[in-house]
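Read-outs: derived from the displayed coordinates by stated rules, not from any lab. Every value quoted in this text rests on a predicted model; they were computed, and no experiment measured them. Glycine also receives a Cβ, built like all others from the backbone with ideal geometry; neighbour counts cover every protein chain displayed.
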């Protein structure tokens, strides 16, 4: 009798434990999965990288001359259209004045040739002038018009050369370097030298390397978050993040390989709007998921 009772109690306790196991085990597993990195679907993966200048441009002048003014210096930010460099305008202005004078004289010559051709045509219609005289007048008229058109084109070219003696910023820019000096002669006949290097001041790139597997899941134009850090003495990202900005993936660049057996890597380029004080080289992280 006591044995049966004990057996029932043991069986009952075992049943309760089994029921508790059925309830607790899934609950524990779900909690472990919620905090485990292997199952943390909402945890963002990041790539270590840095900031870089966007649209670096090497500027020169298409005309030769002597540098007379450089109103900018490296590190300065300028607006679009700001003057960056000037050449001596006097030789170019003199050449333009000469071209304009020649054009003005040929305008009168062309007008006179046209009137002479019209008079000859009238005489020809009255059978006073011969066919050869009429043809000669027409040829002179055509020659005068051709000379005038050439003079107009030359004057326009001289006007363009004069305007090109002033170098201006093609976009809101940051001056990266000035590679000339006042008084230096610039010769653009064969290979125009680089006078200034600039980059966009209203845009920057966050750059990081990624594997082929990561790059294959990305697409141009995709929105990505960028964490910009503060550079420490070792130029590493500190724990404190300076800013988090949203950017747009604009480049998935294949990095060159030294040999065929080397693993292919890709450089990701994310365009962002920089904040005050940001320069190329600052450490940054690119988030691969929200």
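Can you tell me the length gained on complete extension of the stretch residue 202 to residue 150, counting 0.36 nm per residue apart and subtracting the Cα distance?
14.4 nm
Using every pair of alpha-carbon atoms in the stretch 72-111, split the distances into 10 Å bins beginning at 0 and state the percent of pairs per bin, rounded to integers.
23, 25, 21, 18, 10, 3
Which distance in Å, rounded to a whole number, links the C-alpha centroids of the stretch 97-176 and the stretch 185-200?
When both Cα centres are located, 34 Å separates them.
Volume per residue, Å³, of the convex hull around the alpha-carbon atoms of the stretch 89-164?
56 Å³
Would you please give the FRET efficiency between residue 100 and residue 166, computed as 1/(1 + (r/R0)^6) with r the Cβ-Cβ distance and R0 = 25 Å, to the nearest 0.05?
0.80
Determine, for each peptide in 101-113, 161-173, the mean count of other beta carbons within 10 angstrom over its residues, then list the peptides with the highest first.
Going by the mean number of other Cβ atoms within 10 Å, highest first, we get 161-173, 101-113.
Express in nm, to one decimal, how much length is gained between residue 192 and residue 213 on full extension, taking 0.36 nm for each residue of separation and deducting their alpha carbon distance.
3.3 nm
At 7 Å along Cα-to-Cβ for each site, give me the label-to-label distance between residue 115 and residue 179 in nm.
According to this spin-label approximation, the distance is 5.7 nm.
So if each residue of separation counts as 0.36 nm, and I subtract the Cα-Cα distance between residue 131 and residue 56, what length gain in nm does that give?
Here the segment from residue 131 to residue 56 would lengthen by 20.5 nm.
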